[in-house]
Amino acid sequence: METIVIKISGMKDEECVRTVANAIQDLPSIGHMEVLLDQGEAHVEHGRFVSPEDILQAIVDAGFEAVY
């Protein structure tokens, strides 16, 4: 599995963290994941069935801006 760090803007509270985490967890082939409110980041371990772009799109679809 590969681990990527995604910068996320727009997270204001724990509800935002849950929204982002749920969006990422709904994708296939997601391993360990941590969404950090203070740093505005998500550390995501993923397998070959999902691309970094897929993860970014899930975060954007949840209402946040994201880059890696």
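Modelled this way, with points 7 Å down the Cα-to-C-beta line, the labels at Leu37 and Asn22 are 1.6 nm from one another.
Approximating the spin labels as points 7 Å out from Cα along Cα→Cβ, the Ser29-to-Ile4 distance works out to 1.1 nm.
Shown in residue order for segment 6-15 are the 3J(HN,Hα) couplings computed by the Karplus curve 6.51 cos²θ - 1.76 cosθ + 1.60 at θ = phi - 60°: 10, 7, 10, 10, x, 7, 10, 7, 5, 5 Hz (x for Gly and Pro). Kirkwood analysis of the Cα pair distances in the chain returns a hydrodynamic radius of 11.5 Å. Using the Cβ-Cβ distance between Asp13 and Ser51 with R0 = 35 Å, the FRET efficiency computed as 1/(1 + (r/R0)^6) comes to roughly 0.75. Counting only Cβ charges, +1 for Lys and Arg and -1 for Asp and Glu, the dipole size of segment 2-63 around its Cα centre is about 80 debye.
The numbers here are math on the coordinates, done by the rules we state, and not lab data. Since this is a predicted model, take the numbers as computed values, not measurements. Neighbour counts run over all protein chains shown; Cβ positions are idealised from the backbone, glycine included.
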